[in-house]
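S.K.: Pasting a structure here, questions to come.
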Amino acid sequence: MRRLPCFLTFLVLSSPALADAPTALAARPIAPTDTIAAMLAAAYRTGDDATIKAVVGVAKATFPDDIAEIDRLAAGNAAVLASSRRDEQLREQARIAAATFFEIWKGELEFGASRSTGSSQVFGLYASARLNRDGLRWRQRFAGRIDYQRTDGNTTTDRMLVAYQPSYKWNDDFYAYGLVQYERDRSLGYSNRETAGAGIGVTAFKNASGKLDIEGGPAIRETDFVGQVDRTTLAGRASLAARFALSPTLSFSQDASVFIETGDTTATATTAIDTRLIGKLKARLSYNVQYEQDNLEGRNSLDTIGRATLVYAF
């Protein structure tokens with residue numbers, strides 16, 4: 001038995017096939033073109049334009065003698081990616097076209113509450129909802145908001161807003177909109193306000209991180225003032241809506257609108273920062289400004305409030 005290892009060693013060393021095995025099994029040297037092809041293929045599989053641009057730049061800087069080959073490989077990968085995107089776009093358009101009115105809605109629900117006891121008894125409640133249905137030609141938006149607060153048994157804040165805005169998209173950047181809106185804010189001097197309007201909207205800026213929409217047009221407003229004569233006026237409306245992703249978990253939004261009419265100007269603006277918590281749940285820090293030129297006597301025309309709320313997006 002002791003001679004068995006020696007015998008096996010003799011067979012290995014004496015066999016030409018086995019003696020050449022290390023050379024035969026050695027890995028083939030990787031050519032630069034193989035490395036370039038692998039880099040570009042991996043980049044284009046991500047589908048992210050920024051990643052693709054960065055990888056192509058690195059490949060050209062690393063292999064300056066193969067720029068022509070890099071361009072050829074990149075063009076082939078780009079054609080495959082473009083075809084994949086077209087197919088995906090057609091599938092998405094078919095899905096949207098087949099959807100019923102109650103489908104393809106997206107939106108968010110926001111909620112916050114506060115309670116204070118001691119020298120002052122304060123209870124506050126805030127809730128809002130935003131819904132958006134983006135069809136092939138028509139986009140529909142619904143917004144609702146309730147802001148209520150009682151301090152020492154007296155109602156100090158009683159605000160409500162409900163708005164519906166359908167829009168017809170001429171193309172990706174221009175659209176016409178209609179607006180129907182109801183408001184109530186006794187703290188700013190009116191018990192009811194109905195608004196009907198129309199106008200033109202434009203997507204002034206858009207990239208992978210977000211976009212900015214600007215709108216403008218005429219509106220008719222009927223306002224029931226507290227302790228004053230009710231009024232119906234023609235107004236001019238302007239608004240903007242901005243949405244930008246600051247990071248994968250952090251986003252910024254800005255919504256603002258102004259109505260200019262004879263004897264009165266009203267404006268509202270909300271700035272918010274959202275951070276993702278778990279799944280579809282987000283935390284929001286927001287700051288709201290409301291201005292009413294023709295408000296109750298003795299009250300400030302400007303109201304501001306900061307909030308910390310929870311938001312569920314779907």
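No lab work stands behind these numbers, since they all come straight from the coordinates. All of these numbers come straight from a predicted model, not from anything done at the bench. Every residue, glycine among them, receives a Cβ derived from its backbone with ideal geometry; neighbour counts consider all protein chains shown.
S.K.: With +1 on each Lys and Arg Cβ and -1 on each Asp and Glu Cβ, how big is the dipole of the chain about its Cα centre, in debye rounded to the nearest 20? Walk me through the numbers on the way to the answer.
M.R.: On the way: 37 positive and 36 negative charges, 246 e Å.
That gives a dipole near 1180 debye.
S.K.: Would you mind giving the three semi-axes, in whole Å and largest first, of the ellipsoid equivalent to the chain according to its Cα gyration tensor? Before the final figure, lay out each step's value.
M.R.: Details: eigenvalues 803, 143, 57 Å².
The answer is 63, 27, 17 Å, longest axis first.
S.K.: Among the GluC sites (Glu not before Pro) in region 224-314, which ones are in a DSSP loop with at most 13 other Cβ atoms within 10 Å of the Cβ? Mind listing them? Please list the in-between numbers first.
M.R.: On the way: sites: Glu261, Glu292, Glu297; in loops: Glu297.
Qualifying residues, ordered by number: Glu297.
S.K.: A further question follows. Quick check for me: using +1 on Lys/Arg Cβ and -1 on Asp/Glu Cβ, what's the dipole size of region 93-183 about its Cα centre, in debye to the nearest 20? Let's see the in-between values first.
M.R.: Working: 12 positive and 10 negative charges, 50 e Å.
For region 93-183, the charge dipole is close to 240 debye.
S.K.: With the dipole of the chain worked out from charges on the C-beta (+1 for Lys and Arg, -1 for Asp and Glu) around the Cα centre, which of Ala129, Phe102, Phe244 lies farthest toward the positive end?
M.R.: Phe102
S.K.: What dipole magnitude, in Debye to the nearest 20, does region 216-314 give about its Cα centre under +1 on Lys/Arg Cβ and -1 on Asp/Glu Cβ? Each step should come with its number before you reach the end.
M.R.: Working: 10 positive and 11 negative charges, 163 e Å.
With only Lys, Arg, Asp and Glu charged at Cβ, the dipole is about 780 debye.
S.K.: What do you get for Rg/Rh over region 157-243 if you use C-alpha atoms and the Kirkwood form of Rh?
M.R.: Details: Rg = 15.5 Å, Rh = 14.4 Å.
Reported Rg/Rh, Kirkwood definition of Rh: 1.07.
S.K.: How large are Rg and Dmax for region 214-275 when calculated on the C-alpha trace, in angstrom?
M.R.: 16.1, 51
S.K.: If neighbour count is taken as other Cβ atoms inside 10 Å, put Ser120, Ser128, Ser209 in order from fewest to most. Write down the numbers at each step before the final one.
M.R.: Details: Ser120 8, Ser128 19, Ser209 12.
Ordered from fewest to most neighbouring Cβ atoms within 10 Å, Ser120, Ser128, Ser209 come out as Ser120, Ser209, Ser128.
S.K.: Separate question: If you average the C-alpha positions of region 238-314 and of region 79-123 separately, how far apart do those two centres end up, in angstrom?
M.R.: Result: 18 Å between the Cα centres.
S.K.: With runs of 4+ DSSP H residues as the only contributors, calculate the mean residue ellipticity of the chain at 222 nm using -39,500 (n - 2.57) per run, divided by the residue total and rounded to the nearest 500.
M.R.: Working: 6 runs with 82 residues, N = 314.
My calculation for the chain gives -8500 deg cm²/dmol from helical runs alone.
S.K.: Loop only by DSSP, 14 or fewer other Cβ within 10 Å of the Cβ. Give me the trypsin sites (Lys or Arg not before Pro) in region 127-186 that pass, ordered by residue number. Provide the component values of the computation, followed by the final result.
M.R.: Working: sites: Arg130, Arg133, Arg137, Arg139, Arg141, Arg145, Arg150, Arg159, Lys169, Arg184, Arg186; in loops: Arg137.
Here the trypsin sites (Lys or Arg not before Pro) that fit, given the DSSP loop and packing criteria, are Arg137.
S.K.: Determine, for each peptide in 52-60, 246-254, the mean count of other beta carbons within 10 angstrom over its residues, then list the peptides with the highest first. Write down the numbers at each step before the final one.
M.R.: Numbers: 52-60: 16.0, 246-254: 13.0.
With the highest mean Cβ count within 10 Å placed first, the list reads 52-60, 246-254.
S.K.: Below 8 Å, C-alpha to C-alpha, sequence gap of six or more: please give me the relative contact order for region 116-197 in percent. Mind showing how you got there, number by number?
M.R.: Values: 179 pairs, mean separation 17.7, N = 82.
Averaging sequence separation for qualifying contacts and normalising by length gives 22 percent for region 116-197.
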